[in-house]
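I have placed the structure first, in the form of structure tokens, so that the comments after it can refer back to it.
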Amino acid sequence: MDLRWYQKEAVDAVWSYWGRGKMHPVVELPTGSGKSLVLASLAWKIADGGGRVLVATHRKELIEQDARAICNLRPDARGQVGIYSAGLDRREVRTITVGGVQSLCRRVGKLGHVDVMIVDEAHLVGPKADSQYGKLISGLRNENPELRLIGLTATPYRLGQGVLTQGEGRLFDSVVYRADIKRLIADGFLSP
């Protein structure tokens, strides 16, 4: 499966950002533009480089969607992809693990060393250390203080708290890629 031009630009923007020594980027792509394929491409690129990846989200439908996108991108390597979700009755830890934040934060010690955590729907990550995401990230950083985060979202804002990349307790550094909705509509990738 080939990435669309803007999906490739999004992946390249994360890699370029890391190449400049930065750590925690956000990619902003509108709903319906294929964030799961970007996520899958990033996960495989990290795994191919020897890294372990955790994809975290909040709903079992998104867990299934993200895992499917990752597997569809590399059907020959499905054995490297695990799902960790009580709601799906699966607890598999692999090179790339896709899971629900509720299940992951309760059993963070079972995940081992993770190099990169990709957060789907990153606008749901709050700055509080005692939140589910806070507990998960803290636990992962106990195992690997150099843990990198990637946020994917259609809206890089938290209600009542502002931009994901600003303020006290922020987890992400910068929005490194933002797809233009008008151009995606004009190019036929989104409906008006």
Exercise. How far is it, in nm, from the label point at ASP76 to the one at ARG178 when both lie 7 Å from their Cα along the line to the Cβ?
Worked result: 4.0
For this session: Would you rank GLU146, GLU28 by solvent-accessible area, highest first, keeping every protein chain in place and using a 1.4 Å probe?
Result: GLU146, GLU28
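Using a 1.4 Å probe on the protein chains only, how many percent of the accessible area of the chain belongs to carbon and sulfur? Provide the component values of the computation, followed by the final result.
On the way: 4280 of 9200 Å².
That fraction is 46 percent.
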For this session: Straight distance only, please: which aspartates and glutamates reach the Cα of LYS45 with their own Cα at less than 16 Å, same-chain residues fewer than 8 apart left out?
Result: ASP2, GLU9, ASP12, ASP66, ASP76, ASP115
Problem set entry | Net charge, ASP115 excluded, C-beta distance under 13 Å - Lys, Arg +1, Asp, Glu -1 | +1
Problem set entry | Pairwise label distance in nanometres, ARG20 with ARG90, each label 7 Å out on the Cα-Cβ vector | 3.7
Problem set entry | With all protein chains modelled, accessible area of LEU3 [1.4 Å, Å²] | 50
Exercise. What accessible area, in Å² to the nearest ten, does a 1.4 Å probe give for ARG178?
Worked result: 140
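Just to make sure I understand: if all protein chains stay in place, what is the order of HIS123, HIS113 by accessible area at 1.4 Å, largest first? Intermediate results must be reported in sequence, preceding the final value.
Working: HIS123 45, HIS113 70 Å².
Heavy-atom accessible area, descending, gives HIS113, HIS123.
Using a 1.4 angstrom probe on the protein heavy atoms only, could you order LYS45, LYS182, LYS35 from most to least accessible area?
Working: LYS45 75, LYS182 160, LYS35 30 Å².
Sorted by accessible area, descending: LYS182, LYS45, LYS35.
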Exercise. Taking the Cβ of VAL98 as the center, what net charge do the other residues with Cβ under 14 Å away carry, scoring Lys and Arg +1 and Asp and Glu -1?
Worked result: +4
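If N is the number of residues in the range 41-189, what value comes out of its Cα radius of gyration divided by 2.2 N^0.38 Å?
With N residues counted in the range 41-189, Rg over 2.2 N^0.38 Å equals 1.05.
Please give the per residue accessible area of the chain, computed with a probe of 1.4 Å over protein heavy atoms only, in Å². Before the final figure, lay out the partial values.
Details: 9200 Å² over 192 residues.
Value returned for the chain: 48 Å² of accessible area per residue.
The values are calculated or read from the model by the stated rules, or taken from the named source; none is laboratory data. Note that the structure is a prediction, hence the values are computed from the model and not measured. For neighbour counting, all protein chains shown are included, and Cβ atoms are generated from backbone atoms with ideal geometry for every residue, glycine included. Ligands, DNA and RNA are stripped out before the accessible areas are found, and what is left, the full protein with its side chains, is counted by its heavy atoms. Shrake-Rupley method; radii C 1.70, N 1.55, O 1.52, S 1.80 Å.
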